């Protein structure tokens, strides 16, 4: 069976066949690094990390090139730098590092390439010059603007009509624009703002041209897959499509366009502007990154997902069930079951894949001996394909949230278990029961066995 993906541009699910199966290319829009990303931003990163894993499995890790950028020049970054009184590079380096570290805690693989906007200024200037030469852009008052009317298919991805865009404009159109819908490729910088010399004076790039330039330099004119959140369809991806096609004789920027649905909190899309955000840095103080990853993948990537405490709690409970089997039946290497692979290769149907994990667990729980171990090994392999089961079962059940200062440390728990064992040996059952109850009150489950007592966090 081929890998099938839903292409947002053609609005159909079709078989994915790369242009070159020895160099499969994927680009995903990364963060603007001026502050902490929120969990809604992480949904795209985790969804496309899953796709990265699937592509590596099918085509070989050495044949997949995945680029995810950092936007490290932007008005928001300039504002953050000014307010903090520190250089821009200090702001961008800090939050790029935080983003990478937090994603690693979610079990995300590092992309093949992590290009930066400031590392591609020359390529952006060259792209703008090409668009001016072919009549698709124009210079005006230190700006360079793209003529949206020069691209006949403008609005095809998002379904937004150019006429509706112009009619619906709510702000005064800049006098240097030929058309209200024309967008900025380059803009002048004030003396106190960062800038680079260009044919149009000292300035800096607009947002949309950055990704087109980075893609061309890192991956080529036409790539296999371009991904990002649904909110990027318009105007960002629409503008990328237009400027790249016009610069390269109509060649498409990407053969497949993939977009994940919104993460919501109640009825609203999660958004910093609305103030309804949850930050990974805060979530990781309370929950294991694998639990959060499981929660993000619990719904189909194209559907909205309501982010709640109940979702996180349910994700933890499901992972606990899997880890208990893996603790009971540690197995060796194995191939994932076909049911899980088929689900994932059917446009990354993670709910169906997770259902397959549960089915395999239920079957394994009815087995004994080597058969159980083999089934557990297949479960582990299937979970690993999705970025799950990254720790040993014992470590999973003994994990303590970093912020839970009142939680008993593993060392303290082991000491209490030793005291309990001594009390039981002395037939002091009152003390033994008291220790057991104290541990239970802290969420510690004691399991007595032939080799003594073991524990896990319930």
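No lab work stands behind these numbers, since they all come straight from the coordinates. None of the values given here were measured: they were computed from a predicted structure. Glycine gets a Cβ as well: all are built from the backbone with ideal geometry, and neighbour counts include every protein chain shown.
Couple of notes before you dig in:
- Protection-proxy order for peptides 62-71, 422-431, 87-96, 205-214, each taking the mean of Cβ atoms within 10 Å per residue, highest first: 205-214, 62-71, 87-96, 422-431
- Once the Cα-Cα distance is subtracted from the 0.36 nm per residue extended length, the residue 302 to residue 428 segment shows a gain of 39.5 nm.
- Ranked packing of 129-136, 332-339, most packed first, by mean Cβ within 10 Å: 129-136, 332-339
- Evaluated over the chain, the Cα radius of gyration and Dmax, each in Å: 26.2, 92
- Semi-axis lengths (Å, descending) of the ellipsoid that matches the C-alpha gyration tensor of the stretch 286-414: 25, 22, 10
- From the C-alpha gyration tensor of the stretch 1-102, square roots of 5λ in Å: 34, 14, 12
- The helix-based estimate of mean residue ellipticity at 222 nm for the chain, built from -39,500 (n - 2.57) per DSSP H run of four or more residues and divided by its residue count, is -13500 deg cm²/dmol to the nearest 500.
- Fraction of beta bridges assigned by DSSP in the chain that are antiparallel (%, nearest 5): 55 percent
- Annotation: peptides 24-30, 361-367, ranked by per-residue average of other Cβ atoms within 10 Å with the highest first, follow the order 24-30, 361-367.
- Exposure proxy for 328, 290: other Cβ atoms within 10 Å of each Cβ, ordered fewest to most, give 328, 290.
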